[in-house]
Amino acid sequence: MKKRIKSFSHAIRGIADFILLGANAKIQLVAVLAITSAGFLLDFGPYDWIAVVLCIGMVLSAEAMNTAMERLADAVHPGRDERIRVVKDIAAGAVLIASMVSVVIAVLVVGKNLPKL
C-alpha cells in the first residue's frame, strides 16, 4: 500500500512539474478554464460534458507526454540530431492532432448550446 501511495505522490509531482515547467501547459489550462466557463454559462448537457472532459484529458495527456519526451531527449542528446528532431516533431504533432480535434468538438458543443442564451 505504501508503494502505491508513493507512486501517486510521484504522479502528482509530475503533474505539478508539467504545469510549472511547460509553457504550453499554461496556455492549455487557460483553454480549459474558457471551455469550462462556457459549459457552465451555456448549461452543457451530460453528453456535452463527457465530450469536453475527454478532450481536456486527451490534450493535457498528449502535452504532458510531449513535454516529458522533449525534456528526456534534450537530457540524453543536448545537441542537434535529426533522429531527435523527428521524435520531437512527431510528439508535437500528436498534441496538434488532439488539439485540433478538441477545437472542432468545442465549436460543435458550444455552437449547439448557443441558442440557449
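Can you name every residue in the stretch 1-42 that is outside any helix (DSSP H, G or I) and either polar (S, T, N, Q) or closer than 26 Å to A106 by Cβ (or both)?
Residue satisfying the conditions is G22 alone.
So, in the stretch 77-91, how many residues would count as being part of a loop (DSSP other than H, G, I, E, B) and out of contact with any helix residue (DSSP H, G or I) (no Cβ under 7 Å at 6 or more places or on another chain)?
From the stretch 77-91, those part of a loop (DSSP other than H, G, I, E, B) are 77-81; that's our starting set.
Subset that is out of contact with any helix residue (DSSP H, G or I) (no Cβ under 7 Å at 6 or more places or on another chain): 78-81.
So the answer is 4.
Would you be able to tell me the number of residues in the stretch 23-47 that are hydroxyl-bearing (S, T, Y) and closer than 11 Å to K116 by Cβ?
Of the residues in that region, 0 qualify.
If you take the residues in the stretch 71-89 that are of a type in the set (D, E) and within 21 Å of Q28 (Cβ to Cβ), which one is surrounded by the fewest Cβ atoms within 10 Å (Cβ to Cβ)?
Looking at the filtered set, the residue picked out is D89.
Within 22 Å of A16 (Cβ to Cβ), among the basic types (K, R) and either part of a helix (DSSP H, G or I) or touching a Gly at 6+ places or on another chain (Cβ under 9 Å) (or both), is that true of R71?
Yes: the conditions hold for R71.
Quick one: in the stretch 33-67, which of the residues that are touching a Gly at 6+ places or on another chain (Cβ under 9 Å) and touching a residue at least 24 places away in the same chain (Cβ under 8 Å) is farthest from G22 (Cα to Cα)?
D48
Assuming A92 fulfils every condition listed in (1) loosely packed, with under 15 Cβ neighbours inside 10 Å; (2) at pLDDT 95 or above apart from one, which condition is it?
(1)
Which one of these is surrounded by 11 or more Cβ atoms within 10 Å (Cβ to Cβ), out of contact with any Asp or Glu (no Cβ under 8 Å at 6 or more places or on another chain) and of a type in the set (A, V, I, L, M): A51, A25, A11?
Exactly one of A51, A25, A11 is surrounded by 11 or more Cβ atoms within 10 Å (Cβ to Cβ), out of contact with any Asp or Glu (no Cβ under 8 Å at 6 or more places or on another chain) and of a type in the set (A, V, I, L, M), namely A51.
For the structure I just gave you, tell me whether S61 is under 12 Å from the mean Cα position of the chain (by Cα), at pLDDT 95 or above, surrounded by fewer than 16 Cβ atoms within 10 Å (Cβ to Cβ) and not in a loop (DSSP other than H, G, I, E, B).
Working: under 12 Å from the mean Cα position of the chain (by Cα): yes; at pLDDT 95 or above: yes; surrounded by fewer than 16 Cβ atoms within 10 Å (Cβ to Cβ): yes; not in a loop (DSSP other than H, G, I, E, B): yes.
Judged against the criteria, S61 is a match.
The values are calculated or read from the model by the stated rules, or taken from the named source; none is laboratory data. This is a predicted model, so every value here is computed, not measured. All Cβ positions, glycine included, derive from the backbone under ideal geometry; neighbour counts span all protein chains shown.
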